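See below for the structure under consideration.
The values are calculated or read from the model by the stated rules, or taken from the named source; none is laboratory data. Computed from a predicted structure; not experimentally measured. FYI the Cβ positions are ideal-geometry reconstructions off the backbone, even for glycines, and counts take in every protein chain you see.
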Amino acid sequence: MIAISACLIGDNVRYDGSNKLNTELKSLVEQGKAISICPEVLGGLLTPREAAEIVGGDGRDVWQGTAKVITKTGEDVTEAFKSGAQFALEILNEQGCTGVILKSKSPSCGLSEIYDGSFSGQLKQGKGVSASLFKQQGITLANEFNWKGKFEV
Ligand code: SF4
């Protein structure tokens, strides 16, 4: 079993209430080969919600306490992002998921690039908060562009 970011299978859970439907990934869920997760919703955040970015580092730095997740108007939502990631990890473990396909560039799900914290559309290298936790736990990670061949699905 694998898990997929819920916005990629068409759930309207993105910060602006939209989704990033990928029909191939949605069919994996429909066939029972994958489950969907949205760490930000699991962390208790509402949809729609304010855009948030990681300031002062990336997801790994958030777990080390040296970076924070801040909304565009300055609200600190770090704890919601962390608790959502931990909740998502519990679900992955309960469901026996060994891999996750995550939405690129998200402050939660981004794998290799995330927005740089300036809300100007600029990217920086690094992982999101959930991607970083999943990586630490030895879960195989991919995004919507590079997942083929990484999993037995
Ligand atoms: Fe939820 Fe991750 Fe999609 Fe953001 S990128 S809406 S946290 S599943």
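Details
- Put simply, of 3, 51, 34 the only residue that is in contact (Cβ under 8 Å) with a residue 60 or more places away in the chain, more than 13 Å from the chain's Cα centre (by Cα) and within 11 Å of the ligand (Cβ to nearest atom) is 51.
- Which numbered condition residue 24 misses (of (1) touching a residue at least 12 places away in the same chain (Cβ under 8 Å); (2) more than 10 Å from the ligand (Cβ to nearest atom); (3) under 22 Å from residue 139 (Cα atoms)): (1)
- Segment 94-112 - residue that is near the ligand (Cβ under 10 Å from one of its atoms) and more than 17 Å from residue 11 (Cα to Cα) and, of those, surrounded by the most Cβ atoms within 10 Å (Cβ to Cβ): 107
- Considering segment 40-90, the residues that are assigned to a strand (DSSP E or B) and of a type in the set (D, E, K, R) include one that is nearest to residue 133 (Cα to Cα), namely 68.
- Residue within segment 60-67 that is within 12 Å of the ligand (Cβ to nearest atom) and modelled with pLDDT of 95 or more present: no
- Extreme residue, nearest to the chain's Cα centre (by Cα), among residues of segment 56-77 that are touching a residue at least 40 places away in the same chain (Cβ under 8 Å) and buried (at least 20 other Cβ atoms within 10 Å of the Cβ): 59
- Scan segment 16-39 for residues that are surrounded by fewer than 20 Cβ atoms within 10 Å (Cβ to Cβ) and part of a loop (DSSP other than H, G, I, E, B) and the total you get is 9.
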